[in-house]
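The values are calculated or read from the model by the stated rules, or taken from the named source; none is laboratory data. If you're wondering where the values come from, they're calculated on a predicted model, not measured in any experiment. Cβ coordinates were reconstructed from backbone atoms using ideal geometry, including for glycine residues, and neighbour counts include every protein chain displayed.
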Amino acid sequence: DQLPGWWRSAVIYQVYPRSFRDLDGDGIGDLAGITAELPRLAELDIDAVWLSPFYRSPQRDAGYDVSDYCDVDPLFGTLDDFDAMMAEATRLGLRMIVDLVPNHCSDQHPAFQAALAAPAGSPERDMFIFRDGRGTFGEEPPNNWQSHFGGPAWTRITEPDGAPGQWYLHLFDSSQPDFNWDNRAVHDEFERVLRFWLDRGVSGFRVDVAHALVKAPGLPEWGGRADGNSCDGFPGHDAPMFGQPALHDIYRQWRRILAEYGPDRILCAEANVDPLPRLADWVRPDEMHQAFNFPYLHAGLDVHRMRHVITESLTALDAVAAPSTWVLSNHDVVRHATRFGYSGQAPRDGDGIGTSDPQPDEELGRSRAAAASMFMLGLPGGAYLYQGEELGLPDGIDIPDARRQDPTFARTGGARLGRDGCRVPLPWRGGELHAGFGDGQDPWLPQPESFAGLARDVQAASPSSHLNLYKRMLDLRRGLDMGRGSLSWYEDLCTNTSLAFLNGTTLVLLNTGSEPLEMPAGRVLLRSSTPPGAGYAAGDMSSAGDQLSSGE
Ligand code: TEU
């Protein structure tokens, strides 16, 4: 952590505040809950925590609809609670990264309320993307863009005089109007927000939909998909709402601001776009430090796809002297322990799984997840973990429709279940009410029955638990400094069902086949599953993932 560029090899743990720990008993996680459990995260020997939004918000998109960027939502606590959390993190040697949501705000944000109250063409309207509609009476949306969450990306307003009026753009829910980044005042506002949190001690920002802020001049029609989940085809980089050249000026300016606070403050782009070589568009010596590697997340356990993604990522990022990051789960996708619980593709890739879908095999999913995580943690670069993956948690599947909260569910009339399944509150203590998430009201989403047995205290007490395996993986990664290492494929063990590389003198192998593999001589450092008898074997889990690191 003391080396320059701590982030180059960092393990960053994503905390989703709503679902982490509920200390005040309202059924929703809070900052005080995070502070209380930070020592448990420090035990994992991570470098930093990335906090999903906790800002003032009507919570229409679980906080990604911000109504005040410089305050804490009362649901989660106060700015004092934030400062207390920062102090505890600092005491424990953990860095804090916060989520910045610059593409859009909440429709309850004062700037948007002012825009609604002001006339067309006013400076207030110019903070957002308002246009007249098409058709004789302006009754058609200004263009054909679709919202990521389903339905049109435009909503018509009623003018202050009561007449049907202009339309505003929202790439996400209608409660999330897009800012107009052609307006200097928007830049000023976000530069102020950056400084506000940097002044409070954060180590950087995860930048939400970093590829979308600037739209192509004239907002041209676009036939491709701007909607939908990224798993069955990323939004193309040629889309007029993504990857516009002017974005780079914004991030260069932000990088300059961060540099004023020291060389250790970072920006990480959430830019879910293809093709893969364009990953490097987001990472430059004078722009963002990191970008999430979504192609890696979407490669699943397909060893050919994985190898392709890893090689292409390292090549693309080498060219800009940046390391890659690796990620398997986050708050927008089905958890990998659930995705991997199917012999083929999960039935709804990238979207929630419900009771009427084929059900995953939890044990199989968890054992493959352990293998996949160990393989990922052996890769050079940074790693992002999602809260609960260290426990091998599955998605919540049995969520009654009436309790689903992701706007995707309502906007698609239930055709897409949305992302609630991966957002179910964490189990801390198996013997307690709500598995120790909180001792008051029911958690905002119901916890699966298996959560009590997977609770952190239960797993901490069991040497062979997923949690203890995770700890050993993280220890090994740090002890061997694998994050700062380099990768060379170990061709002898790269087959149709296995993938192996050397990181320094450490061999990392993923075996997704049912047959054991002949290992070269060496000392076994760690396996994700116990083979029967001597030697290395995938054991009794036919087609299960298995993996080990073996050092010389
Ligand atoms: O997600 C951005 C995004 O592109 C998502 O549509 C993502 O690709 C999809 O959910 C994967 O299935 C970010 C946040 O991570 C998400 O939680 C927010 O809802 C969204 O931005 C709007 O702020």
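Scanning region 397-430 for residues that are among the hydrophobic types (A, V, I, L, M, F, W, C), assigned to a helix (DSSP H, G or I) and away from the ligand (no atom under 16 Å from the Cβ) yields a single hit, ALA402.
The residue list THR136, THR155 contains one member that is of a type in the set (Ser, Thr, Tyr), farther than 15 Å from ALA185 by Cβ and touching a strand residue (DSSP E or B) at 6+ places or on another chain (Cβ under 9 Å), which is THR155. Applying the criterion of being of a type in the set (Lys, Arg) and outside any helix (DSSP H, G or I) to the residues of region 185-216, the residue that is surrounded by the fewest Cβ atoms within 10 Å (Cβ to Cβ) is ARG200. The set of residues in region 336-379 that are of a type in the set (S, T, N, Q) and either in contact (Cβ under 8 Å) with a residue 40 or more places away in the chain or under 30 Å from PRO323 (Cα atoms) (or both) comprises THR338, SER343, GLN345, THR355, SER367, SER373. Only one of the numbered conditions (1) at pLDDT 95 or above; (2) more than 30 Å from GLU287 (Cα to Cα); (3) surrounded by 21 or more Cβ atoms within 10 Å (Cβ to Cβ) is violated by ASP401, and that is (3).
Which residue is surrounded by the fewest Cβ atoms within 10 Å (Cβ to Cβ), if the candidates are limited to region 431-447 and must be part of a loop (DSSP other than H, G, I, E, B) and without any contact (Cβ under 8 Å) to a residue 40 or more places away in the chain? Write out each step before concluding.
Filtering region 431-447 for residues part of a loop (DSSP other than H, G, I, E, B) gives 431-432, 437-447.
Restricting the remaining residues to those that are without any contact (Cβ under 8 Å) to a residue 40 or more places away in the chain gives 431-432.
On the way: GLY431: 10, GLU432: 15.
Going through the qualifying residues, I end up with GLY431.
In the list GLU515, GLU491, GLU432, GLU449, which residue meets the criterion of being outside the structural domain of ARG21 (by TED's automatic domain parsing), at pLDDT 95 or above and out of contact with any helix residue (DSSP H, G or I) (no Cβ under 7 Å at 6 or more places or on another chain)?
On the way: GLU515 fails: at pLDDT 95 or above; GLU432 fails: outside the structural domain of ARG21 (by TED's automatic domain parsing); GLU449 fails: outside the structural domain of ARG21 (by TED's automatic domain parsing).
One residue alone meets the criteria, GLU491.
Considering (1) surrounded by fewer than 23 Cβ atoms within 10 Å (Cβ to Cβ); (2) β-branched (Val, Ile, Thr); (3) under 23 Å from GLN405 (Cβ atoms), the lone condition that VAL66 does not fulfil carries the number (1).
If the condition is being crowded, with 16+ Cβ neighbours inside 10 Å and free of Cβ contacts under 8 Å to residues at least 12 places away in the same chain, then region 478-518 contributes only ALA500.
Whether a residue is exposed (fewer than 13 other Cβ atoms within 10 Å of the Cβ), more than 22 Å from the chain's Cα centre (by Cα) and either within 14 Å of the ligand (Cβ to nearest atom) or under 30 Å from GLY262 (Cβ atoms) (or both) was assessed, and ASP161 does not pass this test. The residue pairs whose first member lies in region 188-203 and is modelled with pLDDT of 95 or more, whose second member is in a helix (DSSP H, G or I), and whose beta carbons are closer than 6 Å, counting only pairs six or more residues apart or on different chains, are LEU194/ILE257; GLY201/MET86. Taking the criterion of being charged (D, E, K, R) and either within 23 Å of TYR55 (Cα to Cα) or surrounded by fewer than 17 Cβ atoms within 10 Å (Cβ to Cβ) (or both), the residues of region 95-125 that qualify are ARG95, ASP99, ASP107, GLU124.
Look through PHE76, PHE54 and report the one residue that is away from the ligand (no atom under 15 Å from the Cβ), assigned by TED's automatic domain parsing to the domain that holds SER373 and touching a Pro at 6+ places or on another chain (Cβ under 9 Å). Outline the logic, then answer.
On the way: PHE54 fails: away from the ligand (no atom under 15 Å from the Cβ).
Selected residue: PHE76, the only one of PHE76, PHE54 that is away from the ligand (no atom under 15 Å from the Cβ), assigned by TED's automatic domain parsing to the domain that holds SER373 and touching a Pro at 6+ places or on another chain (Cβ under 9 Å).
Can we say ASP188 is within 32 Å of the chain's Cα centre (by Cα), under 30 Å from ARG256 (Cβ atoms) and away from the ligand (no atom under 16 Å from the Cβ)? So ASP188 fits the description; yes. Within region 40-47, identify whether any single residue is within 16 Å of SER203 (Cβ to Cβ), in a loop (DSSP other than H, G, I, E, B) and free of Cβ contacts under 8 Å to residues at least 60 places away in the same chain, and answer yes or no. Yes; the residues of region 40-47 include at least one that is within 16 Å of SER203 (Cβ to Cβ), in a loop (DSSP other than H, G, I, E, B) and free of Cβ contacts under 8 Å to residues at least 60 places away in the same chain. Pairs linking a residue in region 51-64 that is among the aliphatic types (A, V, I, L, M) to a residue that is more than 12 Å from the ligand (Cβ to nearest atom), with Cβ atoms under 8 Å and 6 or more positions apart or on different chains, are LEU51/VAL15; LEU51/PRO17; LEU51/ILE34; LEU51/MET96; LEU51/ILE97; LEU51/VAL98. Output the residues belonging to region 176-185 that are within 16 Å of the ligand (Cβ to nearest atom) and either without any contact (Cβ under 8 Å) to a residue 60 or more places away in the chain or more than 21 Å from GLY138 (Cα to Cα) (or both). Matches in region 176-185: GLN176, PHE179, TRP181. Suppose we keep only residues that are farther than 28 Å from LEU51 by Cβ and either in a loop (DSSP other than H, G, I, E, B) or within 10 Å of the ligand (Cβ to nearest atom) (or both) within region 227-241. Which one would you say is modelled with the highest pLDDT? Applying the filter and picking the extreme gives PRO240. Scanning region 76-90 turns up one or more residues that are of a type outside the set (Asp, Glu), in contact with a strand residue (DSSP E or B) (Cβ under 7 Å, 6 or more places away or on another chain) and under 20 Å from GLY438 (Cα atoms). Would you be able to tell me the number of residues in region 198-225 that are among the aliphatic types (A, V, I, L, M) and within 30 Å of ARG91 (Cα to Cα)? Going through region 198-225 one residue at a time, the tally reaches 3.
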